[in-house]
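Remarks on the structure that follows.
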Amino acid sequence: MNLLTRPVLYALAAALLASLAWGGWQWRGKQAAQTEAAKAEQALADYRAEAAETIARFEIEARATEQRHAADMTRIERETRERLKEEGDAAYNRAVADVRSGRLRGPWSCLATPKVPGAGGTTPERNGGADDGSAAAGRVLRIGAQADARLAACQAVIRADRAMNP
């Protein structure tokens, strides 16, 4: 071996060792990065699973709240409508009684002229008879009461909804 060969061999050996050390260090860094990436992926998967469970729980609770709210609104509307329907029926019965007794007068209760003008022995009678006038008055009041009942039921639902969802 000559004088130049030995230093060149040492230099090549040193370069080979340095490249092996560098490669090992890089490989170890890559392994650590892969381990960290796997841990991060697992943490992300755990977070996603937890988020999905939380969302599912909130959706179930929201649906239950919506169903309770809808049931409450239906109950309030039904109770109000039934109560006001009963009041409307009572108003109908009062109106019929008032028309028959003469306390309530209107176009349905006015007296007609005799059937034949100037004919003797005829008595005036109500247009369509007394029952028709009292029934018509009761129907008019019942229609008004039903409209009032529907309006009051809608208002009760709105008030209850606003109270539950401020």
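The values are calculated or read from the model by the stated rules, or taken from the named source; none is laboratory data. The structure presented is a predicted model; accordingly, all values stated were derived computationally and were not measured. Cβ: placed from backbone, ideal geometry, glycine included. Neighbour counts: every protein chain shown.
If I go through the range 71-88 residue by residue, how many of them are over 19 Å from Asp161 (Cβ atoms) and exposed (fewer than 14 other Cβ atoms within 10 Å of the Cβ)?
Total meeting the criteria: 2.
Filter the range 35-61 down to residues that are of a type in the set (Asp, Glu) and more than 29 Å from the chain's Cα centre (by Cα), then give me how many there are.
Selection size over the range 35-61: 3.
In this structure, does Asp132 turn out to be in a helix (DSSP H, G or I), at pLDDT below 65 and over 30 Å from Arg68 (Cβ atoms)?
yes
Regarding the range 70-86, can at least one residue be identified that is among the polar types (S, T, N, Q) and closer than 30 Å to Ala145 by Cβ?
Within the range 70-86, one or more residues are among the polar types (S, T, N, Q) and closer than 30 Å to Ala145 by Cβ.
For the range 68-85, check the following and say yes or no: at least one residue is more than 30 Å from Ala153 (Cβ to Cβ) and basic (Lys, Arg).
No: the range 68-85 contains no residue that is more than 30 Å from Ala153 (Cβ to Cβ) and basic (Lys, Arg).
Yes or no, residue by residue, for (1) aliphatic (A, V, I, L, M); (2) part of a helix (DSSP H, G or I); (3) under 25 Å from the mean Cα position of the chain (by Cα):
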residue	(1), (2), (3)
Arg6	no, yes, no
Trp27	no, yes, no
Ala33	yes, yes, no
Arg63	no, yes, yes
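In the set Arg48, Arg57, Arg68, which member is part of a helix (DSSP H, G or I), farther than 30 Å from Asn165 by Cα and either at pLDDT 85 or above or of a type in the set (Asp, Glu) (or both)?
Arg48
Got at least one residue in the range 114-127 being in contact with a Lys or Arg (Cβ under 9 Å, 6 or more places away or on another chain), surrounded by 14 or more Cβ atoms within 10 Å (Cβ to Cβ) and either at pLDDT 75 or above or more than 30 Å from Arg68 (Cβ to Cβ) (or both)?
no
Need pairs with beta-carbon distance below 7 Å; first residue under 15 Å from Arg78 (Cα atoms) and within the range 153-166, second β-branched (Val, Ile, Thr) and part of a helix (DSSP H, G or I); sequence gap 6+ or separate chains.
Ala153/Thr80; Ala156/Ile76; Ala156/Thr80; Val157/Ile76; Ala160/Ile76
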